[in-house]
Structures are given as C-alpha cells and as structure tokens.
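Asker: Here's a structure for you.
What follows is calculated from the coordinates using simple rules that are stated; it is not laboratory data. Since we're looking at a predicted model, the values are computed, not measured. Because the Cβ atoms are built from the backbone with ideal geometry, glycine has one as well, and the counts that use them run over all protein chains shown.
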Amino acid sequence: MAKILCLALNPAIDISSDAEVVRHTHKTRTHNQQQFPGGGGINVARVIATLGGRCELAFLSGGETGKLLEAMLQPLPILERPFAIHDPVRVAYAVHETSTNLEYRFVPEGPLVTESELAPVINAVCESDADYIVASGSLPRGAPHDTYVRLAEAARARGARFILDTSGPALAAALSSAQMYLVKPSLGEFEAFVGEKLTHDLVGPVAQDYVRRGIAEYIAVTLGGDGAILVSSDKIIRVPAIDVPVNSATGAGDSFVAGIVWALSEGRDIEDAFHVGQAAGAAAVMTAGTELCRREDVLRLYGASTRP
C-alpha cells in the first residue's frame, strides 16, 4: 500500500448543531451538537482512515484549542505530527435550520502564522517518504500565497505525487506555476481563477489547457449537484452527481479528494479512483453536520455508480 501524508495548515475544530429557526438579535436555541476535528487536510485524513487506509497527518496546532484538537485526533488510526504555532486553532460553527433545511456555516479566518512556524512543515515534506502528499484547505493568515507551490516543489523533489485542494490566491499561485499530480477546484473556484463564467461544456477544455501546460497531470473540477469532471492531457471524463438525500454539504469536497487518494494508494487507476471520490463526496452530504462520510455508504454508492 502506498504511503500518504496529509497536510493541514489551517485546521479547525468543527462544531455543528440544529435549530428550528435562525434569528438575528434573539437567542437561537440549538440541539444535537456534534464536534469533530476539521479543516481540509484533517478531513481528508479522517476519510482515508474511515475507508480503511492509513496516513500521516502534519498540521499546525496552537493554544488551548490546539490541545483539544490533538486530543480529538488521538483515538483515530492516524499518525499525528502536530507543529506548534503561537496562535490558537480556529473553531468553526455550522447550524442546520430544520424549518427550511438550510445550513449556515461560520468559518473564522484562523491564526496568524510566521515563516518560522511554517518552515518545519515544509521540512517535513522535504524529508517525507510518502508516495502521495495531499494539501487541502485554506492557508492561514501570514502564509505566503505560494506556500503550496513550495510544498509541491518539495514533494516533486522527493518523487512524491502532490495533490492540492484549495481556493483563492493560493489556488491561483498553484495554477500559475506549480507542477502537481492532481488539483481539485470547485467550479466556482476555477471560474474565479480564469476570470469568467464557464458552461459545463467549456470547463473540460479550459482545464485541459492547463494540464497541457504542465501545471498538473490531472484536474478534477467538482460541479456540485451536476457531478464532476476529470481532465488529463488526452481525456475529459464527466460523471453526473449521485442522487442521494442531502443533509449537509460540509466536507463533501474533502471526502471527494480523500476517496481519490485512498483508491490510488490501493493501486487503482485514476479513472476508478475518480469514481470512488465521487461516491465519497456523495456519501458525505448524506450525513449531518461535520460527520463526513461512512465507509458502507461510499462502497455502496461506488458499486451502484459503476454497475453496468
């Protein structure tokens, strides 16, 4: 089995709950509170563990919330590598309004980090023997926009395949100069980078242009309720969304990435891994709050989606 290293530079403690109605000014009474370790890279590691894989997780951790985050991760079959920072880990909060089935998500910007606090993570990638290095999530404040570019370069120097899921300036920097194995923007994130709205028919050819420039071997663009597209230099594969009951969109993209990485680590080819990722993303929206996906749901949806 291939080795996986997940990176979480802006982790979080994710809290979710239900409320009948979300109102301004007045107190909103909530129930069914759940809390999980979260943030992109941590979610990816959680899903890989759920699917039966093993991975190493390097993450930034500070303050009392950082201690709590580390304690929440300890029971999981994940090899933890926390790297200390001064500022506390952020706490994100989501409320599901039961009367409308709408979800309100409150996501803090996170800690301010210094170059010296980031350096040990970059060194860890330089020294890693992982076959796949997965960076997922936003960058914390203070991290240069090209941080993921530097991590991709460090991974490539070690012969590892670098997989990225991020947005905004960090994604723009990566799509402008990095050389990656796979990058996974959402349609909105990809449109923000190219600077124009894209029809579903145009997404593939535009993404393929970046593949042919050497930015990545593969680009996977998620289309929300319309499915996803996988692009290589010579293929554009589009799959429809899997029809499932929707409870929460939290973590669907992270689950999609994790499904792909787990399948690749098991020796499956990229097209099959893409279908596993699609099943994991669909399974994640079936669960409430920040629970992410369940293994039995992923395998069932994968089997149904690939059955002739």
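Asker: I want to verify the translational diffusion coefficient of the range 152-199 in µm²/s; compute it with Stokes-Einstein, Rh as the Kirkwood radius over Cα pairs, at 25 °C and 0.890 mPa s.
Answerer: The diffusion coefficient I find is 217 µm²/s.
Asker: For the range 1-117, go through all pairs of different Cα atoms, get the mean of 1/r, take its inverse, and jot down that Kirkwood value in Å.
Answerer: 15.4 Å
Asker: Another question, then. Take the Cα atoms of the range 152-308, build their convex hull, and give its volume per residue in Å³.
Answerer: 120 Å³
Asker: Sort 23-30, 140-147 by the packing proxy (mean of other Cβ within 10 Å over each peptide's residues), most packed first.
Answerer: Order by mean packing, descending: 140-147, 23-30.
Asker: For the modelled label position 7 Å from the Cα of Met72 along Cα-to-Cβ, which residues of the range 29-57 have backbone nitrogen atoms closer than 20 Å?
Answerer: Answer for the range 29-57: 30-51, 55-57.
Asker: State the percent of C-alpha pairs, over all pairs in the range 86-212, separated by a distance greater than 25 angstrom.
Answerer: Within the range 86-212, distances greater than 25 Å cover 37 percent of Cα pairs.
Asker: For an R0 of 45 angstrom, estimate the FRET efficiency from the Cβ-Cβ distance between Asn123 and Glu296 and round to the nearest 0.05.
Answerer: E between Asn123 and Glu296, to the nearest 0.05, is 0.70.
Asker: Between His26 and Ala304, what is 0.36 nm times their sequence separation minus the Cα-Cα distance? Round to one decimal in nm.
Answerer: That pair, His26 and Ala304, stretches by 95.5 nm at full extension.
Asker: Sort 216-222, 133-139 for me by packing, meaning the mean count of neighbouring Cβ atoms within 10 Å per residue, highest on top.
Answerer: Numbers: 216-222: 23.6, 133-139: 27.0.
The peptides rank, most packed first, as 133-139, 216-222.
Asker: Order these peptides, 98-110, 58-70, 160-172, by their mean beta-carbon neighbour count within 10 angstrom, highest first.
Answerer: On the way: 98-110: 13.2, 58-70: 20.1, 160-172: 22.1.
Sorting 98-110, 58-70, 160-172 by mean packing, highest first, produces 160-172, 58-70, 98-110.
Asker: Sticking with this structure for a sec: Just to verify a number: FRET efficiency for Val246 and Gln34, C-beta to C-beta distance, R0 = 25 Å, to 0.05?
Answerer: About 0.90, to the nearest 0.05.
Asker: If you don't mind, there's one more thing I want to ask. Rounded to the nearest 5, what % of DSSP beta bridges with both residues in the chain are antiparallel?
Answerer: 35 percent
Asker: Just grab the label-to-label distance for Arg54 and Arg158, each label 7 Å out from Cα along the Cβ direction, in nm (one decimal).
Answerer: Result: 1.7 nm between the two label points.
Asker: Take the Cβ-Cβ distance between Arg150 and Glu191 as r, set R0 to 22 Å, and report the resulting FRET efficiency rounded to the nearest 0.05.
Answerer: Efficiency, rounded to the nearest 0.05: 0.30.
Asker: Further, regarding this structure: Describe numerically, in nm with one decimal, the distance between label points set 7 Å from Cα along Cα→Cβ at Leu198 and at Leu79.
Answerer: For Leu198 paired with Leu79, the spin-label model returns 3.6 nm.
Asker: If you don't mind, there's one more thing I want to ask. Restricting attention to the alpha-carbon atoms of the chain, what are Rg (one decimal) and Dmax (integer), both in Å?
Answerer: Values for the chain (Cα only, Rg and Dmax): 18.4, 56 Å.
Asker: If you stretched the chain out fully between Gln179 and Ala288, how much longer would it get, using 0.36 nm times the residue separation minus the C-alpha to C-alpha distance?
Answerer: This chain segment gains 35.6 nm when fully extended.
Asker: For Leu112, project a label point 7 Å along Cα to C-beta. Then give me every residue of the range 126-149 with its amide nitrogen under 20 Å of that point.
Answerer: Only 138-147 fall inside the zone, counting backbone N under 20 Å.
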